[in-house]
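Following: one structure in structure tokens, then a few remarks.
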Amino acid sequence: MLQGKTALVTGSTSGIGKAIVTRLAEAGANVVINGFGDADEIEAFRAGLVTDHGIKAHYANTDLTKSDLIDDMIAEASSEVGPIDILVNNAGVQHVSPIEEFPEEKWDLIIALNLSAAFHTIRFVMPHMKKAGWGRIINTASAHALVASPYKAAYVAAKHGIAGLTKVVALEGATHGLRCNAICPGYVHTPLVDGQIADTAKSRGISEEEVKRDVLLAAQPTKEFVTSEQIAEFAHFLCSPAADQINGALLPVDGGWVAQ
Ligand code: NAD
């Protein structure tokens, strides 16, 4: 379905982003992988996508908190594998701490990566998408784009910001063939959540098992983690013609969390 298109998925060396970039490659898109990790593992992942799906795949190790590098990343990726038709803003980090103790550098990092980086990638890919008359922008937001939890000031602020950005981009791109939506996952068991389990256990003085049962899945009525593959399948659907009239939507995939 996505043959001839190119997709950039930020933060796609791990977790949700890795599942999304794999699903889009499987659908025939050329892909740009971004994020950090072991260089040999990333190269094996990149080369595997090329051989398994017969597509082009490029890896950019760009640190997206450095906004001056984002333009170059997109220019290089576009010349290697083609101009970006599908952008998935997915890279994100978390920090859990009471607001009075919230480290200023963590606030700056989370706002830079989880919010401002998406503004920069969007502004650099929009000219091509408008010219082509087709583009799909998907922001991996969170249930925390819709509701709050204590101890996550920067994350909740950034994700609510992404919700607003999603709506503005949807309106500006609507008559140019662009669609911009945010997927709002509940808890997905990925390395990011592993870190959060440990941090929450520490900040609340309870065990990691208690965090999973009483804190994380307490909010999720199905009492089950979402899977990265479910998010990836949904992202793929948002690139399909069936989703052409879904625009500016904040779409929960959270087992009923925000229904409460
Ligand atoms: P993860 O930790 O598994 O992956 C994060 C990715 O971002 C990695 O590829 C990492 O290398 C990359 N990254 C980190 N810092 C970066 C930087 N400065 N520049 C470029 N890349 C960077 O996390 P995940 O759980 O897969 O989360 C992915 C997205 O989904 C995040 O935006 C997160 O907020 C969101 N989300 C996750 C959950 C969850 O429960 N896991 C729930 C809702 C939303």
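Let's test the formula: R0 of 30 Å, r as the Cβ-Cβ distance of E43 and E100. What FRET efficiency results, to the nearest 0.05?
0.10
Which residues does the label zone of E26 cover in the range 228-248, counting backbone N under 13 Å from a point 7 Å along Cα→Cβ?
Within reach of a label on E26: 228-237.
Would you work out the charge dipole size for the chain about its Cα centre, treating the Cβ of every Lys and Arg as +1 and the Cβ of every Asp and Glu as -1, and quote it to the nearest 20 debye?
Rounded to the nearest 20 debye, it is 900 debye.
Residue-wise, which Karplus ³J(HN,Hα) couplings in Hz belong to the range 217-233, taking 6.51 cos²θ - 1.76 cosθ + 1.60, θ = phi - 60°, and x for glycine or proline?
Values, residue by residue: 6, 4, 7, 9, x, 6, 6, 10, 5, 6, 9, 4, 5, 5, 5, 5, 5 Hz.
Tell me, what is the percent relative contact order of the range 152-260, built from C-alpha pairs under 8 Å that lie six or more residues apart?
Value for the range 152-260: 39 percent.
Which one, P127, L217, A154, is farthest towards the positive end of the dipole of the chain when Lys and Arg carry +1 and Asp and Glu -1 on their Cβ?
The listed residue farthest towards the positive side: P127.
So for the range 1-134, taking the charge dipole from beta-carbon charges (+1 Lys/Arg, -1 Asp/Glu), which of I74, G35, L2 sits furthest toward the positive end?
Positive-most Cα among the choices belongs to L2.
Excluding ligands, DNA and RNA, what is the solvent-accessible area per residue of the chain at a probe of 1.4 Å, expressed in Å²?
Heavy-atom accessible area per residue stands at 44 Å².
Carbon-plus-sulfur fraction of the accessible area of the chain, 1.4 Å probe, in percent?
The C+S portion of the solvent-accessible surface of the chain is 53 percent.
Are any of the pairs K56/K130; K159/K202; K56/K159; K66/K152 more than 26 Å apart by Cα-Cα distance, and if so, which?
K56/K159
Going from most exposed to least, what order do S116, S97 have by accessible area with a 1.4 Å probe?
Heavy-atom accessible area, descending, gives S116, S97.
Please label the shape of the range 166-208 as rounded, prolate or oblate, based on the square roots a ≥ b ≥ c of the eigenvalues of the alpha-carbon gyration tensor (a/c under 1.5 means rounded; beyond that, a/b larger than b/c means prolate, else oblate).
prolate
Need the full-extension length gain, A259 to K131, defined as separation in residues times 0.36 nm minus the C-alpha distance. One decimal, nm.
Here the answer is 42.2 nm.
Give me, ordered by chain and number, the residues 5 or more places off L178 or on other chains with an amide H under 5 Å from its own placed amide H.
Here the answer is G135, since their amide H atoms fall under 5 Å of that of L178.
³J(HN,Hα) across the range 122-129 via Karplus (A = 6.51, B = -1.76, C = 1.60, θ = phi - 60°), whole Hz, x for Gly/Pro?
My calculation for the range 122-129 gives 4, 5, 7, 8, 4, x, 5, 4 Hz in order.
For V31, which sequence-distant residues (separation of 5 or more, or a different chain) have an amide H within less than 5 Å of its own amide H, given hydrogens modelled in the peptide plane?
HN-HN under 5 Å from V31: A7, K56, A57, H58.
Run the quick spin-label model on E233 and A218: label points 7 Å from Cα toward the beta carbon, then report their separation in nm to one decimal.
3.1 nm
What net charge is computed for the residues neighbouring S142, neighbours being all others with C-beta under 10 Å from the C-beta of S142, Lys and Arg scored +1, Asp and Glu -1?
Charge balance near S142 sits at +1.
Can you tell me the relative contact order of the chain? Whole percent, Cα pairs under 8 Å, sequence separation 6 or more.
Result for the chain is 20 percent.
What length, rounded to one decimal in nm, is gained on full extension from H176 through to D199, with 0.36 nm per residue of separation minus their alpha-carbon distance?
Working it through step by step, the gained length comes to 3.9 nm.
Could you go through the range 164-172 in sequence order and give the Karplus-derived ³J(HN,Hα) for each residue, using 6.51 cos²θ - 1.76 cosθ + 1.60 with θ = phi - 60°, rounded to whole Hz, and x for Gly and Pro?
Karplus values, whole Hz, x for Gly and Pro: x, 4, 4, 5, 5, 5, 4, 6, 5.
Quick one: plug the Kirkwood hydrodynamic radius of the chain (C-alpha pairs) into Stokes-Einstein at 4 °C, 1.567 mPa s, and report D in µm²/s.
Here the translational diffusion coefficient equals 70 µm²/s.
Dipole of the range 63-204, Cα-centred, from +1 at each Lys and Arg C-beta and -1 at each Asp and Glu C-beta, to the nearest 20 debye?
660 debye
The values are calculated or read from the model by the stated rules, or taken from the named source; none is laboratory data. Model, not experiment: these values are computed from the prediction. So basically every Cβ, Gly included, is an ideal-geometry build from the backbone, and we count neighbours across all protein chains shown. Quick note on the areas: whole protein, heavy atoms, side chains included, nothing else; ligands and nucleic acids left out. Shrake-Rupley method; radii C 1.70, N 1.55, O 1.52, S 1.80 Å.
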